[in-house]
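Below is one structure, written out as structure tokens; comments come after it.
FYI, it's all coordinate maths here, none of it is from the lab. For clarity, every value in this text was computed on a predicted model and none was experimentally measured. Here the Cβ positions follow ideal geometry from the backbone for every residue, glycine too, while neighbour counts run over all protein chains shown.
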Amino acid sequence: MQTLNVALGERAYPIHIGRGLLGRTDLILPHLKTRRVAIVTNAVVGPLYLERLRAGLEGAGVRTAAVVLPDGEAHKDWETLNRIFDMLLAERCERSTTLVALGGGVVGDMGGFAAACYQRGMPFIQVPTTLLSQVDSSVGGKTAINHPLGKNMIGAFYQPSMVLADIDTLDTLPDRELSAGLAEVIKYGLIRDPEFLAWLEVNLDRLVARDTDALAWAIERSCRNKAEVVAADETEQGERALLNLGHTFGHAIETGLGYGEWLHGEAVAAGTMMAAELSCRLGWIDAAAVARIEALFERARLPVWGPRLGVERYVELMSHDKKVEAGKLRLVLLREMGRAVMHGEAPASEIAAAIEARCR
Ligand code: NAD
Ligand code: GLY
């Protein structure tokens, strides 16, 4: 097991990464305020892992309650969030009860938001079960639900008190979901870790083949990058925004097609190609670099072309982005391979051309 630390002073917390961690109740117990836990999971993950987690806790004298939410991004909404509150109230959970989110990024984002709101804040533990959630969404305290007009628009910054990433849970993850997680792994290499990018160019096929050592290393390196960024800029006043490479374009794809049509990681991959294309048009990276990024995503079995929503629709959807300031769109672009910057001066004509060039 590897343990990393998210250095946030009094709110610092560990990220445990390893095999067989769902059964390691001893790692969870020190983080409970009282012997009560409310588990949030979904209809896919629940049948696979809920009982294992629950049995360990109950065996250690912890009283548990659980809610099983419907699966999918389309349910990352108010109605489903309310089902968590219904359970917490029906079970008479207290402010000191710990909420445990067992699942992928959708369960983690919703569970975290519920924890932030219930009785104005209850302790919260992330048990991520997808590659995407193990390398990204479980770390850093961004919690949210979607709104029909924009993704992740309603939410809060609320840090967990621990992240428990059991690599064994990836054994049941469908290939398409593994690929979606690889989009966020590749992101860290592109935005701030050229050494990791070079490693990925050599080892990506091992990740696709689910080589456990390679996966463990990639998860650890990704979490290390994420933890450093979050510790430096918890509430996204600066550097943290760089974690959104490809996301402004990608969120437009997700919202434009309807939530759940494309996976988040798939939209991020196609969106990153648009950001790379625009970076190339600004003269920052060359065509060979764009081709390198495309090759990585293709090896990860991710889409490298966006859907034809129409440029005007993309721009309209992108105007709802959280990075818009005073009505001005700011984009994360690649200044060079392994170094992203925030840029608010790209000409609208070039943004449109980059989108057009990367749609099929
Ligand atoms: P997800 O939570 O929908 O999980 C993907 C699918 O895999 C679902 O059907 C899920 O039920 C299933 N699943 C989960 N674990 C499984 C397992 N071990 N075995 C078999 N099936 C399993 O999607 P995701 O990719 O994990 O997360 C995407 C979400 O995360 C998006 O809503 C995105 O906005 C959010 N996100 C948040 C952050 C953040 O910082 N908070 C960062 C990135 C993404
Ligand atoms: N996934 C982007 C962030 O956590 O800031």
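Considering each of Glu298, Glu336, Glu294 in turn, give the residue that is buried (at least 18 other Cβ atoms within 10 Å of the Cβ), among the charged types (D, E, K, R) and more than 21 Å from Pro148 (Cα to Cα). So that I can check it myself, show each step before the final result.
Working: Glu298 fails: buried (at least 18 other Cβ atoms within 10 Å of the Cβ); Glu336 fails: buried (at least 18 other Cβ atoms within 10 Å of the Cβ).
Exactly one of Glu298, Glu336, Glu294 is buried (at least 18 other Cβ atoms within 10 Å of the Cβ), among the charged types (D, E, K, R) and more than 21 Å from Pro148 (Cα to Cα), namely Glu294.
When the residues of region 249-268 are filtered to those that are within 12 Å of ligand 2 (Cβ to nearest atom) and closer than 16 Å to Leu190 by Cβ, which remaining residue is surrounded by the fewest Cβ atoms within 10 Å (Cβ to Cβ)? I'd like the intermediate steps shown before the answer.
Step one: filter region 249-268 for residues within 12 Å of ligand 2 (Cβ to nearest atom), giving 250-251, 264-265, 268.
After this cut, where a residue has to be closer than 16 Å to Leu190 by Cβ as well, the list is 250, 265, 268.
Numbers: Gly250: 28, Gly265: 30, Val268: 31.
Per the criteria, the residue is Gly250.
So, in region 217-236, exactly how many residues are more than 12 Å from ligand 2 (Cβ to nearest atom) and under 17 Å from Ala198 (Cα atoms)?
Number of matching residues: 6.
Do you know which residues across region 285-317 are out of contact with any helix residue (DSSP H, G or I) (no Cβ under 9 Å at 6 or more places or on another chain) and under 22 Å from Phe196 (Cα atoms)?
Within region 285-317, Ala288, Ala291, Glu298 meet the criteria.
Can you tell me which residue among Gly111, Gly121, Gly72, Gly104 is out of contact with any His (no Cβ under 6 Å at 6 or more places or on another chain), under 21 Å from Gln134 (Cα atoms) and surrounded by fewer than 19 Cβ atoms within 10 Å (Cβ to Cβ)? Steps first, answer last, please.
Numbers: Gly111 fails: surrounded by fewer than 19 Cβ atoms within 10 Å (Cβ to Cβ); Gly121 fails: under 21 Å from Gln134 (Cα atoms); Gly104 fails: surrounded by fewer than 19 Cβ atoms within 10 Å (Cβ to Cβ).
Only one candidate qualifies: Gly72.
I'm told Asp166 meets every condition in (1) of a type in the set (Asp, Glu); (2) within 24 Å of Pro303 (Cβ to Cβ); (3) touching a residue at least 60 places away in the same chain (Cβ under 8 Å) except one. Can you identify the failing condition by its number?
With respect to (1) of a type in the set (Asp, Glu); (2) within 24 Å of Pro303 (Cβ to Cβ); (3) touching a residue at least 60 places away in the same chain (Cβ under 8 Å), Asp166 is out only on (2).
Please enumerate the residues belonging to region 9-41 that are over 20 Å from Thr97 (Cβ atoms) and part of a strand (DSSP E or B).
Passing the criteria: Pro14, Ile15, His16, Ile17, Gly18.
When the residues of region 269-297 are narrowed to those that are part of a loop (DSSP other than H, G, I, E, B) and within 18 Å of Arg330 (Cα to Cα), which ends up farthest from ligand 2 (Cβ to nearest atom)?
Going residue by residue through region 269-297, those that are part of a loop (DSSP other than H, G, I, E, B) are 282-286.
From what's left, within 18 Å of Arg330 (Cα to Cα): 282-284.
Numbers: Leu282: 23, Gly283: 27, Trp284: 22 Å.
The residue in question is Gly283.
Mind listing just one residue for me: the one in region 69-93 that is acidic (Asp, Glu) and more than 23 Å from the chain's Cα centre (by Cα) and, of those, farthest from Glu254 (Cα to Cα)?
Step by step, filter region 69-93, then rank; the result is Glu91.
Checking Ala241 against (1) touching a strand residue (DSSP E or B) at 6+ places or on another chain (Cβ under 8 Å); (2) in a loop (DSSP other than H, G, I, E, B), only one condition comes out false. Which one?
(2)
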